[in-house]
Amino acid sequence: LLEEMGVDAIDISAGAQAVGFPRATAAIVEPMGYQQGWKTYLAREVKKHVKIPVITVGVIREPDIAEGILARKEADFVALGRALLADPFWPMKAHRGESHLILRCVSCREACITGRAFNDRPISCAINPGVGDEDTPLPLVSKTKRVTVIGGGASGMKFALTARELGHQVDLYEQEKELGGQLNLACIPAKREKLRWVIEDFEALLRAQGVGIHLNEKISHDRLSKLAGDVLVIATGSNPFFPERIRGRSDIVDARQILRAGHFPAKGTIIVAGGGTVGCEVSMFAKGPENQVILIEQLETMAQDMEPLTRQLLLADLDDSGVVIKTGVKITEVKDHQVSVTSKDEAFEMDFDLLIVALGSESVCGPGTELERMFPEVYRVGDAAQPGKLMDAVHGARNLALQVLA
Ligand SMILES: Cc1cc2nc3c(=O)[nH]c(=O)nc-3n(C[C@H](O)[C@H](O)[C@H](O)COP(=O)(O)OP(=O)(O)OC[C@H]3O[C@@H](n4cnc5c(N)ncnc54)[C@H](O)[C@@H]3O)c2cc1C
Ligand SMILES: Cc1cc2nc3c(=O)[nH]c(=O)nc-3n(C[C@H](O)[C@H](O)[C@H](O)COP(=O)(O)O)c2cc1C
Ligand code: SF4
């Protein structure tokens with residue numbers, strides 16, 4: 001019908017703004033769990049019935065995926081939405097054969113949709129704070145500084161990258177064998193895998209820009225005293241908050257430890273203390289056929305810190321998984337394999353085989369304030385300054401670098 005009416009081309013999307021049906025809404029601007037090009041089957045079908053060009057859209061992030069769709073004639077054109085927010089140079093890099101230098105949109109919806117497009121505010125991108133500034137070249141610096149960044153998480157990587165783009169000489173030190181910090185754990189739960197792209201893509205850009213990357217280098221007091229430079233950036237991230245009185249017990253672990261292990265062998269009753277993003281995700285991760293997982297949150301709502309649609313989907317998945325959720329319930333005491341809890345109506349005890357703590361994070365101080373003073377300029381960034389989210393780490397790092405190094 002559209003073809004008969006003279007329409008030139010058809011762009012095939014999907015989904016509906018349907019209150020109470022998050023999975024239908026999700027199909028419009030997909031959150032992280034969707035595969036690249038998943039909506040192309042719709043274009044492929046439409047193409048069988050029309051002669052005008054058919055365009056496909058939705059989570060197309062890599063030139064090879066786009067080329068594959070075109071080569072298989074599943075669509076005549078490929079449309080990129082958020083891919084161009086995360087990296088406006090996507091087409092140019094694809095054309096030049098530099099796909100490995102594309103910063104891939106991770107479908108987090110944090111800065112283009114949430115609180116932005118739907119609130120009539122300018123859109124941005126969680127991993128590319130430069131959205132909208134593409135035509136403004138970075139200022140040329142008059143003096144090249146030697147910049148030392150401690151910590152290769154999102155904030156350290158972004159600070160290092162921006163400093164290098166400004167023309168400074170940059171060295172990045174990471175104590176682990178790989179870059180990424182918490183993102184290495186954040187990308188482990190199902191449907192969060194795309195977060196690994198941030199590590200891979202930032203690392204590729206850092207290497208291409210010539211940032212000195214030093215892995216397996218924990219910067220201690222001694223080591224720092226041997227490093228000279230003009231600017232020191234502490235991007236040492238955060239550790240999980242773990243109350244002192246329950247440390248060192250074999251029946252209590254923190255959520256990051258569980259994710260780091262990569263598998264979950266425990267049987268029996270698992271209590272997860274804390275229903276923020278990490279608590280919800282580790283609950284899903286821990287749930288298996290042979291255990292019961294009970295998630296306890298003292299507030300009435302869970303995962304308040306999460307992007308709203310992603311949160312609705314996660315809560316739906318939690319419901320389906322059989323995780324028992326107790327909101328408005330506060331843990332008042334931890335005994336041997338047992339917690340005492342109160343809700344507004346009652347106080348009771350709950351037994352557990354394993355207690356997983358997911359009670360937020362606290363900043364890692366870094367090598368020591370006295371030695372930090374050996375550098376003329378010392379700054380803190382990301383979780384080391386204030387625990388937050390990926391977007392806080394990345395935006396904070398770029399803003400700081402432009403403020404102090406431009
Ligand atoms: C399980 C989990 C899920 C998450 N999910 C999300 C999410 O869905 N969305 C979101 O926005 N955010 C999420 N986050 C939070 C997000 O990952 C962090 O806010 C962000 O990655 C912080 O980056 P950072 O660089 O400040 O710190 P970190 O990632 O902690 O990096 C600090 C780095 O410094 C290194 N380091 C520390 N001390 C030294 C030293 N002395 N010498 C050398 N290196 C050192 C550490 O090894 C680490 O690699 C999640 C976090 C976790 C743990
Ligand atoms: C900021 C923003 C606004 C959008 N507005 C609309 C819209 O008004 N109507 C619509 O059908 N899709 C809209 N979309 C969806 C996109 O057109 C696209 O189909 C979707 O983002 C999936 O493609 P992508 O993964 O390449 O971004 C919007 C997406 C974004 C990021
Ligand atoms: S904010 Fe997230 S979803 Fe939006 S463009 Fe950036 S990476 Fe993609």
Checklist outcome for this item: Given Cβ charges of +1 for Lys and Arg and -1 for Asp and Glu, the option among ILE150, GLY248, GLN36 whose Cα lies farthest towards the positive end of the dipole of the chain is ILE150
Checklist entry - With a ≥ b ≥ c the root eigenvalues of the C-alpha gyration tensor of the stretch 18-123, is it rounded (a/c under 1.5), prolate (a/b larger than b/c) or oblate? => result oblate
Checklist entry - Given a cut-off of 16 Å, what percent of all Cα-Cα pairs of the stretch 28-77 lie beyond it? => result 35
Checklist entry - In the chain, with Lys and Arg counted as +1 and Asp and Glu as -1 at Cβ, which of these residues, HIS263, MET284, ALA208, has the Cα nearest the positive end of the dipole, that is, farthest along it? => result ALA208
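If I stretch the segment between ARG23 and ASN119 completely, what's the gain in nm (0.36 nm per residue apart, minus their alpha carbon distance), one decimal?
Numbers: separation 96, 0.36 × 96 = 34.56 nm, distance 2.13 nm.
Between ARG23 and ASN119, full extension yields an extra 32.4 nm.
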Checklist entry - How many nm separate the modelled label positions at ALA71 and THR327, each set 7 Å beyond the Cα in the direction of the Cβ? => result 4.8
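Give me the extension gain from LYS226 to LYS93: residue separation times 0.36 nm, minus the current Cα-Cα distance, reported in nm with one decimal. Write down the numbers at each step before the final one.
On the way: separation 133, 0.36 × 133 = 47.88 nm, distance 3.92 nm.
My answer for the length gained is 44.0 nm.
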Next on the checklist: Using a Debye calculation, one point per C-alpha and no hydration shell, please list log10 I(q)/I(0) for the stretch 83-145 at q = 0.13, 0.24, 0.29 Å⁻¹ in order.
Outcome noted: -0.45, -0.99, -1.16
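Hey, got the dipole for the stretch 216-300? About the Cα centre, +1 on K and R Cβ, -1 on D and E Cβ, debye to the nearest 20?
Values: 10 positive and 10 negative charges, 63 e Å.
Here the stretch 216-300 has a charge dipole of around 300 debye.
How high is the relative contact order of the chain, in percent, with contacts defined as C-alpha pairs under 8 Å that are six or more residues apart?
Values: 798 pairs, mean separation 65.1, N = 406.
Once divided by the residue count of the chain, the mean separation gives 16 percent.
Return the Rg/Rh value of the chain, two decimal places, where both radii are evaluated on C-alpha atoms and Rh is the Kirkwood radius.
Details: Rg = 23.7 Å, Rh = 23.4 Å.
Using Cα coordinates only, the ratio equals 1.01.
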Checklist entry - What percent does the relative contact order of the stretch 149-248 come to when contacts are Cα pairs within less than 8 Å and at least six residues apart? => result 40
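To the nearest 20 debye, what charge dipole does the stretch 37-135 have about its Cα centre, counting +1 at the Cβ of each Lys and Arg and -1 at the Cβ of each Asp and Glu?
Numbers: 15 positive and 13 negative charges, 104 e Å.
Computed charge dipole of the stretch 37-135: roughly 500 debye.
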Next on the checklist: When 1/r is averaged over all different Cα pairs and the result inverted, which Kirkwood radius in Å belongs to the stretch 141-288?
Outcome noted: 17.2
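Roughly how many debye, to the nearest 20, is the charge dipole of the chain about its Cα centre, given +1 on each Lys and Arg Cβ, -1 on each Asp and Glu Cβ, and no other charges?
Working: 46 positive and 55 negative charges, 134 e Å.
For the chain, the charge dipole is close to 640 debye.
Give the order of TRP38, TRP90, TRP197 when sorted by the count of other beta carbons within 10 angstrom, beginning with the fewest.
Values: TRP38 15, TRP90 24, TRP197 21.
Neighbour counts put them in this order, fewest first: TRP38, TRP197, TRP90.
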Checklist outcome for this item: Share of Cα-Cα pairs in the stretch 112-175 beyond 14 Å, whole percent, is 66
Checklist entry - Where q = 0.11, 0.12, 0.13 Å⁻¹, what log10 of I(q)/I(0) comes from the Debye formula for the stretch 89-219, counting one point per Cα? => result -0.44, -0.53, -0.62
Checklist entry - How high is the FRET efficiency from GLU300 to GLN35, r the C-beta distance, R0 41 Å, rounded to 0.05? => result 0.75
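Could you order the peptides 386-394, 343-351 from most to least packed, using the average number of other C-beta atoms within 10 Å per residue? Don't skip to the answer; put the middle values down first.
Values: 386-394: 20.7, 343-351: 10.6.
Going by the mean number of other Cβ atoms within 10 Å, highest first, we get 386-394, 343-351.
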Next on the checklist: Based on alpha-carbon centroids, what's the gap between the stretch 42-102 and the stretch 264-315 in Å, whole number please?
Outcome noted: 36
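A short reminder: the numbers here are calculations on the coordinates, not readings from a lab. Keep in mind the model is a prediction, meaning the values are calculated, not measured. When we count neighbours, we look across all protein chains shown, and the Cβ atoms used for this are built from the backbone with ideal geometry, even at glycine.
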